[in-house]
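Everything on this sheet refers to the single structure shown next.
The values are calculated or read from the model by the stated rules, or taken from the named source; none is laboratory data. Source: prediction; values computed, not measured. Please note: Cβ atoms are built from the backbone with ideal geometry, for glycine as well, and neighbour counts cover all protein chains shown. What goes into the accessible areas is simple: the full protein's heavy atoms, side chains included, and nothing from ligands, DNA or RNA. Shrake-Rupley method; radii C 1.70, N 1.55, O 1.52, S 1.80 Å.
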Amino acid sequence: MTTAAATAGERTAKAKPATMAQALGRALRDSMAEDPSVHVLGEDVGTLGGVFRITDGLAKEFGDARCTDTPLAEAGILGAAVGMAMYGLRPVVEMQFDAFAYPAFEQLISHVAKMRNRTGGAMPLPITVRVPYGGGIGGVEHHSDSSEAYYMATPGLHVVTPATVEDAYGLLRASIASDDPVVFLEPKRLYWSKADWSPQAPSAVEPIGRAVVRRPGRSATLITYGPSLPVCMEAAEAAVEEGWDLEVVDLRSLVPFDDETVAASVRRTGRAVVVHESTGFGGPGGEIAARITERCFHHLEAPVLRVAGFDIPYPPPMQERHHLPGVDRVLDAVARLQWEADS
Amino acid sequence: MTVQELPGAAAYRPTPPPAWKPLTDPAPLLPDPEPYRVLGTDAVADTDPELLLRLYAELVRGRRYNAQATALTKQGRLAVYPSSTGQEACEIAAALVLEERDWLFPSYRDTLAAVARGLDPVEALTLLRGDRHTGYDPREHRIAPLCTPLATQLPHAVGLAHAARLKGDDVVALAMVGDGGTSEGDFHEALNFAAVWRAPVVFLVQNNGFAISVPLAKQTAAPSLAHKAVGYGMPGRLVDGNDAAAVHQVLSEAVSRARRGEGPTLVEAVTYRMDAHTNADDATRYRGDSEVEAWRAHDPVRILERELTGRRLLDDEGIEEARMAAERMAAGLRERMNADPVLDPMDLFAHVYAEQTTQLREQAARLRVELDAEHDQPDGLSTDDGGARR
């Protein structure tokens, strides 16, 4: 390699602190630049750049026709995206907040999820539905829902949720490139989380459906995703003092579900806690715990526990800290994993 | 004493708020008070006789198709059939106004429009037969899957037409919906998007009087369904839905308008569903014979036939010819529908995702084992190792 090339390579590859929001915006930009069929549409995504500024600059760079401010109507946005995808475009839809996506549920469930199946494979719909989700940002009601269980219960959808800056970029690129519809859940309280990341030489684009071990450990596995990953990482560090060496698995994708990585981890550690902030009853944790039990029963030293949000409508912002599972609640569950010894 | 009358107070002169100005002049958007008609009026002189004869032949075929499909439900060959008898003029005109490159977005009642557009009559019935959801490739025929939820296909038509225009393609989408469907939120959102985007879409509302059993008066308080167009900033057109020539003309104008880049049109065709909602419905519970009889006198096939015979464009021989062609179609349909479809249960897993998930692969393997066991034991008796040995 010549000196000049090495210098250029160093310059472009140099990692600087970047936020998850920036990485998501970069993923959209790179996807649009690479593939002219990628179109962004939603409320306020154009001139304003989105209320979280994820789409900032896209309308300017690619024009209104490719980054479109739509009328305020979620079913219309997603329904129009279906037609656009039927004609060969690759729409990326922004649902401004989690609960704002509910008017579009019929389009999502009856059409987006099923078009490939209904048409015997003749008409796949490569649509990415970006949904900022979850709490912890002091939002008033209908701005903090964790709606992943609804999406998980619908065959035909992929459900993807990044927890790191790198994954925000890589998984969004993979979602847009996917020939199947993806509900891309963006943990909005991690939008401003930072990591050293180089937009010029972005990390590898991960295929959808692979979990990753974020922290290896031997005494128990914390299984989590999205907004709860930093909570679990902190809990794992804190648990060291208690003599617990916790493994942390970041699911990254709820559908498809990576049974292999999860089961391998639990077989190693013999104990598991599923951590998420959506409600426990009927929530993702129940499904995950059942899958672990089916696969790892003879390896388990204790019941699979769940640390979830309470089974209540998302609370008002001044109360949300009581609802959201924090480090203490995770550590409390970890303590309960000594079940066998106690009983 | 009012405030304005207080001694020394300056008189209040109301002015409009600074930002207010009308976005669109409503007058040209308003529908005519009476449904537009061609048959039996002077307008018929301007209609191509060839077109009238073609419409007639298709109407006769369509009527026979509806009768045959309804008969197939009685033989258990179709799970359900929502007949469009009485509405054939709308169905046929919708199919005939479109160019090959255009797209049709039918509702569940619009099998006839799909067939008139050239879809194989058996493929058009797979949804209603129950063997597969959509028996054809929508891209090949430019016909979206028959849509069972109400009005949800309308935003698809808007998105597709919008995408075509973005790509520089000269394509129009025609979306069909019933009077009940106009109450759905997706109807509103689709029309609003179409008007704001000036998408090349035509919305055809077949107002057949009832949403299953609920009459129009309980569905809307609007002067007509065509009037709804004004609120979106698109023209509304009211047409006699049993007058095939009128529906064809109004839809042709709307399609041309869309193709010229002038945006969407809402067409309300006033018609009547002569049969029940489906073969499973009892229409006598919500409407009387006299109403049905009044509409029978305005039957779309008969009024066109009278026009054509009156103008000596059609004679008994021509009528018989059309009837025989329809009979041949019906016989072919009967014969093909009487054959049991060959289905592969493994197809259940084939088209959920582009690539099967590990979970689906496991489930597919389980079904395979069950199927193999069935195959080994046609009498239904199980054996100890019937499935386990695989």
Determine the shape class of the range B:85-232: with a ≥ b ≥ c the square roots of the Cα gyration tensor eigenvalues, call it rounded for a/c under 1.5, and otherwise prolate if a/b is greater than b/c, oblate otherwise. oblate
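Give me Rg/Rg_expected for the range B:95-169, where Rg uses Cα atoms only and Rg_expected = 2.2 N^0.38 Å with N residues.
On the way: Rg = 12.3 Å, N = 75, 2.2 N^0.38 = 11.3 Å.
My calculation over the Cα atoms of the range B:95-169 gives 1.08.
Quick one: pull the percentage of alpha-carbon pairs in the range B:1-118 with a separation above 22 Å. Please list the in-between numbers first.
Numbers: 4220 of 6903 pairs.
Everything past 22 Å amounts to 61 percent.
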Helix B:185-197: angle to the longest alpha-carbon principal axis of chain B, degrees 0 to 90, nearest 10? 60
Once Rh is set to the Kirkwood radius over Cα pairs, what Stokes-Einstein translational diffusion coefficient, in µm²/s, holds for chain A at a temperature of 37 °C and a viscosity of 0.692 mPa s? 158
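Let me check against my output: what whole-number percent is the relative contact order of the range A:110-195, with C-alpha pairs under 8 Å and at least 6 apart?
Numbers: 132 pairs, mean separation 33.6, N = 86.
Once normalised by length, the contact order is 39 percent.
In Å², what does the accessible area per residue of the range B:255-312 work out to with a 1.4 Å probe? Numbers along the way, then the final one.
Working: 2900 Å² over 58 residues.
I get 50 Å² per residue for the range B:255-312.
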With every protein chain in place, the accessible area of A:Ser37 for a 1.4 Å probe, in Å² rounded to the nearest 10, comes to 20
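Would you work out the relative contact order for chain B, in percent, from Cα pairs under 8 angstrom that are 6 or more residues apart?
Details: 610 pairs, mean separation 81.3, N = 390.
Relative contact order here is 21 percent.
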Taking the Cα atoms of the range B:220-344, report the difference between the largest and smallest coordinate on each principal axis, in whole Å and largest first. 49, 44, 44
State, to one decimal in nm², a quarter of the convex hull surface area for the C-alpha atoms of the range A:122-252, i.e. the direction-averaged projected area. 9.9
Degrees separating the helix A:284-296 axis from the principal Cα axis of chain A, which is the longest one: 60
Quick one, can you get me the convex hull of the C-alpha atoms of the range B:130-171 expressed as volume per residue in Å³? 67
Please work out the Kirkwood hydrodynamic radius for the range A:186-269, using every pair of different C-alpha atoms, and report it in angstroms with one decimal place. 13.9
According to a simple spin-label model (label point 7 Å from Cα along Cα-to-Cβ), what is the distance in nm between A:Asp311 and A:Ala195? 3.5
Write out the GluC sites (Glu not before Pro) in the range B:65-139 meeting two conditions: DSSP loop, and at most 15 other Cβ atoms within 10 Å of their Cβ. B:Glu99, B:Glu100
Take every Cα-Cα distance within the range A:11-76, group them into 5 Å bins from 0 onward, and report for each bin the whole-number percent of pairs it holds. 4, 18, 26, 23, 16, 9, 3, 1, 1
Would you kindly derive the ³J(HN,Hα) couplings of the range A:47-63 from the backbone phi angles with the Karplus curve 6.51 cos²θ - 1.76 cosθ + 1.60 (θ = phi - 60°), listing them in order in whole Hz, with x for Gly and Pro? 3, 6, x, x, 5, 9, 6, 5, 9, 4, x, 5, 5, 5, 6, 10, x
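Is there a simple number for the mean count of other chain Cβ atoms within 10 Å of the Cβ of residues in B:355-368, and what is it? Show your work: numbers first, answer last.
Numbers: counts 7, 1, 9, 6, 6, 2, 0, 1, 0, 0, 0, 0, 0, 0.
Mean shielding by partner chains, rounded to a whole number: 2.
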Cα-based Rg (one decimal) and Dmax (whole number) for the protein assembly as shown, in Å? 30.4, 105
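For chain A, what's the relative contact order in percent, using C-alpha pairs closer than 8 Å and at least 6 residues apart? Could you put the intermediate results ahead of the total?
Details: 746 pairs, mean separation 52.9, N = 343.
Relative contact order comes out at 15 percent.
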Hey, with R₀ at 60 Å, roughly what FRET efficiency would B:Glu262 and A:Glu237 work out to, going by the Cβ-Cβ distance, to 0.05? 0.40
For B:Arg302 and B:Ser213, FRET efficiency with R0 = 22 Å and r from the beta-carbon atoms, rounded to 0.05? 0.25
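So if I take the alpha carbon set of the range B:159-237, get Rg, then get Rh from the Kirkwood formula, what is the Rg over Rh ratio? Before the final figure, lay out each step's value.
Values: Rg = 13.5 Å, Rh = 13.3 Å.
Answer for the range B:159-237: 1.01.
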Take the Cα radius of gyration of the range B:126-196 and divide it by 2.2 N^0.38 Å, with N its residue count; two decimals is plenty. 1.20
Nonlocal amide H pairs with A:Glu247, under 5 Å, H built at 1.01 Å: A:Gly217, A:Arg218, A:Ser219, A:Ala220, A:Thr221, A:Leu222
Once you average over the residues of B:190-200, how many Cβ atoms of partner chains fall within 10 Å of each Cβ? 3
Equivalent ellipsoid, the range B:64-140 (semi-axes from 5 times Cα gyration tensor eigenvalues, Å): 21, 15, 8
Tail weight of P(r) past 18 Å, computed on alpha-carbon pairs of the range A:187-232, percent: 50
Where a label projected 7 Å from the Cα of B:Ala283 along Cα→Cβ would reach, residues of the range B:312-328 with amide N under 12 Å: none
A chain fully extended from B:Asp48 to B:Gln356 at 0.36 nm per residue, minus the present Cα-Cα distance, gains in nm 105.5 nm
For a quick check of understanding: with a 1.4 angstrom probe and all protein chains in place, what accessible area in square angstrom does A:Trp339 have, to the nearest ten? 130
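Could you order the peptides A:19-31, B:211-223 from most to least packed, using the average number of other C-beta atoms within 10 Å per residue?
A:19-31, B:211-223
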To the nearest 10 degrees, how steep is helix B:316-337 against the longest Cα principal axis of chain B, on a 0 to 90 scale? 50
Quick one: if the Förster radius is 51 Å, what FRET efficiency do B:Glu253 and B:Trp20 give, using the C-beta to C-beta distance and rounding to 0.05? 0.95
Cα atoms only: what Rg and Dmax, in Å, come out for chain B? 25.8, 105
Under 5 Å, built H, 5+ apart or other chain: amide partners of B:Ile143: B:Leu104
Just counting partner chain Cβ atoms within 10 Å, what average do the residues of peptide B:148-157 show around their Cβ? 6
Output the pairs from A:Lys14/B:Lys167; A:Lys16/A:Lys60; A:Lys188/B:Lys167 with a Cα-Cα distance over 27 Å in this structure; if there are none, say none. A:Lys14/B:Lys167; A:Lys188/B:Lys167
Using a 10 Å cut-off on Cβ atoms, rank the peptides B:25-34, B:187-196 from the highest mean neighbour count down. B:187-196, B:25-34
Which order do peptides A:268-279, B:316-327, A:144-155 fall in by mean Cβ count within 10 Å, highest first? A:268-279, A:144-155, B:316-327
